[in-house]
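Beneath this line is the structure, given in structure tokens, with notes to follow.
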Amino acid sequence: MDIVIVLFLLLAFFATYVLPSTWNFRRSRTGSGGRLPPGPFPLPIIGSLHKLGKNPNQSLAKLAKKYGPLMSLKLGNKTTIVVSSPSIAKQVLQEHDQILSSRTILNALQPQDHHKYSMLSLPASGHAWRKLRKISKEHMFSTAQLDSNQNLRQEKLKGLREYLHNCSCNKQFVNIGESAFTTSLNLISTTLFSIDFATYDSNSSQELKEIVWGIMEMIGTPNLADYFPALRFLDPQGIFHKNNLLFRKIFELFDDFINERQLKRDSSNTFSKKNDFLQALLDHSAKNESEFSRNYIKHMLLDLFVAGTNTTSVTVEWAMAELLRSPEKMEIARAELHQVIEEKETVNESDISKLPYLQAIVKETFRLHPAAPLLAAHKADADVEINDYVVPKNAHILVNVWASNRNSETWFDPNKFSPERFLNSDIDVRGKHFDLIPFGAGRRICPGMPLAYRMVHLMLAAYIHQFDWKLEYGMRPKDIDMKEKFGLTVQKAMPLVATPIKL
């Protein structure tokens, strides 16, 4: 049901609870205390919720053009601060990182008590959060661990190339997003559990994609229960209920793997350990059972599973869409690949540094199509002054990297896909250059960034190195639909489908 319709249906229920906070918000703009940043004047009850629309990243970008890159909105009874420029993002994520690094606990993250065990939700000042970050880095995302798993990634990329080759021989269409998702899914599932979850010619990956996308869509959907906490027990949009079902499905799968591994471990003295992340977690739990229970294992696996599959495949699909709309740029990238790796079929990770144009394409895709257009919401632990305005304690803080990346004051011709802007540029995506922070920055930067960075380059190279592409049904490049579908990540609203032609 439309969020505005629901709001007005529940108007009477809210009136006595919400109106006082609305008037307090109005007075705070001119009161003797610090001023809130500028923003739209809130309506009674709903504040500015009606302005979010189906694509909040775009709606908030339009509002920022009127009210500025540091903007305040009343969303229900919650004060929300929206950041839409690199300079202010740097203040929030670096200079005031300690005070502003707490999380807003979304209702969609509370099913199965996920918020109590998740790296996404736990306070960055706490022991549990530091412990989880350390474990994930040491056993999955450190340079040494990533280097040791290069053969695994090459195995999954070989499977992708073989699938594309078969489709080329049979003149079959390829759903770029689906095939990229299957590749990412198998990489993550093998890294976590030493098993492939999907094949390219079955519906198994589609079923899992629907679960993963469903979770991310629920997390990314504006939720009345977040803006009006008194409504949480009603769950008016059913978001808690839907995510609870999805979490249960994925936890049942994880429990099966954990039980099977534990059974083999307990019943055999000759048990051969798997060299995967689940084994590392079980070993750590055996030594630290009092502080690292099965709940931490399952919820950590959920974080990695959801974040590690969808974000990479979404980025690859957007990159391919932009390249198919600009065939001359795809040709430049392909020529660079041929020059660097010559007749080799495989692009190695050591080759990435020798492929500046491919790197530029990936950066430009991150700029135009960040997988997470609104970084996960932060929360202020105390009042903070930024640009002569006050970000008040307990305010929700959204960094709109989508808007920042399309700001004409930062980028020339910002809506144009132009990888050339990153040639001979020292801007990278590792959280040091706030002009481009698709993975966030500061202590909350995405821990999986090193793996995602490698996989996006390798997967994109697999699609363009030995294949040209023909759009379905004679579609012209300029006719590719580039509309967005908003969730925690932003996907293409219309899947990208084309036929690979072997070169």
- line: Expressed in angstrom and ordered largest first, the alpha-carbon extents of the range 112-263 along the principal axes are 59, 37, 31
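Under the rule that an exposed site lies in a DSSP loop and has at most 11 other Cβ atoms within 10 Å, name the longest stretch of the chain with no chymotrypsin sites (Phe, Trp or Tyr not before Pro) of that kind, not counting the sites themselves.
Details: sites that count: F233, F412.
Formally, the longest exposed-site-free interval is 1-232.
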query: For the range 97-169, how big is the tail of P(r) above 13 Å, as a whole percent of Cα pairs?
result: 75 percent
query: Taking H as built 1.01 Å from N, whose amide H comes closer than 5 Å to the amide H of S102, not counting residues under 5 places away?
result: K379, D381
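Report the charge-dipole magnitude of the chain in Debye, nearest 20, computed about the Cα centre from +1 at each Lys and Arg Cβ and -1 at each Asp and Glu Cβ.
1300 debye
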- request: Could you order S293, S148, S102 so the one with the most accessible surface comes first? Probe is 1.4 Å.
  value: S148, S293, S102
message: If you split all Cα-Cα distances of the range 310-458 into 10 Å bins from zero, what percentages do you get per bin, shortest first?
response: 10, 37, 33, 14, 5, 2
message: I'd like the GluC sites (Glu not before Pro) in the range 269-375 restricted to DSSP loop residues with at most 12 other Cβ atoms within 10 Å, sorted by number.
response: E289, E291, E342, E343, E345
field: Of Q262, L282, H299, farthest towards positive along the dipole that unit charges on Lys, Arg, Asp, Glu beta carbons give the chain
entry: H299
field: Selected from L164, L208, L120, residue furthest toward positive end of dipole (the range 119-213; charges at beta carbon)
entry: L120
query: Which of the trypsin sites (Lys or Arg not before Pro) found in the range 401-503 are in a DSSP loop and have at most 15 neighbouring Cβ atoms, other than their own, within 10 Å?
result: K416, R430, K432, K483
statement: Computed on Cα atoms, the radius of gyration and Dmax of the range 384-481 in angstrom are 18.3, 56
task: Heads up, I need the accessible area for D256: 1.4 angstrom probe, whole protein in place, Å², nearest 10.
output: 100 Å²
message: For a quick check of your reading of the filter: which trypsin sites (Lys or Arg not before Pro) in the range 297-385 sit in a DSSP loop and have no more than 16 other Cβ atoms within 10 Å?
response: K344
- request: Report the percentage of all Cα-Cα pairs in the range 55-115 whose separation exceeds 20 Å, rounded to a whole percent.
  value: 41 percent
field: Residue-averaged [θ]222 nm for the chain, counting only DSSP H segments that reach four residues, each worth -39500 (n - 2.57)
entry: -15500 deg cm²/dmol
query: Remind me, what semi-axes does the range 354-420 give for its equivalent ellipsoid, largest first in whole Å, using sqrt of 5 times each Cα gyration tensor eigenvalue?
result: 31, 14, 10
query: Excluding same-chain residues fewer than 8 positions from K242, which aspartates and glutamates have a Cα within less than 17 Å of its Cα?
result: D2, D113, E207, E210, E217, D226, E252
task: Kindly flag which residue pairs out of K137/K379; K393/K416; K156/K470; K54/K478; K74/K137 have an alpha-carbon separation exceeding 31 Å in this structure.
output: K393/K416; K74/K137
- line: Taking max minus min of the Cα coordinates of the chain on each principal axis, largest first, gives extents in Å of 70, 61, 41
query: What is the diffusion coefficient of the range 270-329 in µm²/s, taking the Kirkwood radius over Cα pairs and the Stokes-Einstein relation at 4 °C with a viscosity of 1.567 mPa s?
result: 89 µm²/s
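The values are calculated or read from the model by the stated rules, or taken from the named source; none is laboratory data. For clarity, every value in this text was computed on a predicted model and none was experimentally measured. Every residue, glycine as well, gets a Cβ built from its backbone with ideal geometry; the counts of neighbours run over all protein chains shown. Just the protein is used for accessible areas: all its heavy atoms, side chains included, with ligands, DNA and RNA removed. Shrake-Rupley method; radii C 1.70, N 1.55, O 1.52, S 1.80 Å.
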